[in-house]
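Below you'll find the structure, written out as C-alpha cells, and then a few comments.
Nothing in this text is a laboratory measurement; each read-out follows from the coordinates by a stated rule. Since the model is a prediction, treat every value here as computed from it, not as a measurement.
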C-alpha cells in the first residue's frame with residue numbers, strides 16, 4: 001500500500017509508444033509506477049516508430065528518440081511519487097541498457 005494521500009489526479013503521465021513492440025515496455029513501466037503510486041493516472045498513445053516519450057504533468061522527462069534507450073522504470077516511479085508528494089517534475093537520468101540496435 002502506498003502512503004501517499006492525494007487526489008486521484010495528483011500526478012499523471014503520458015507515454016508516446018512507438019510501433020516496434022514498445023507496448024510491452026509501456027505495460028512494464030505502468031506496473032512499476034502503479035505498484036508504488038496506485039492512484040496515478042496513466043495513459044499511453046501510439047507515437048512515431050521507435051519512440052518512447054514520457055511526460056509527467058505535461059513535461060517531457062524522457063525521450064527514447066534522444067537517448068536510444070528506455071527509461072529506468074524505478075526512477076520514473078520515484079519522480080511520479082515525488083510529484084505526488086508536492087515535489088517538482090525532473091528529467092529521468094537513468095536508463096536501461098541498450099541491448100538491441102538495428103542499423
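The alpha-carbon atoms of the stretch 12-84, seen along their principal axes, cover 30, 20, 18 angstrom, with the largest extent given first. Note: relative contact order over the stretch 12-84, using C-alpha pairs below 8 Å and six or more positions apart, is 39 percent.
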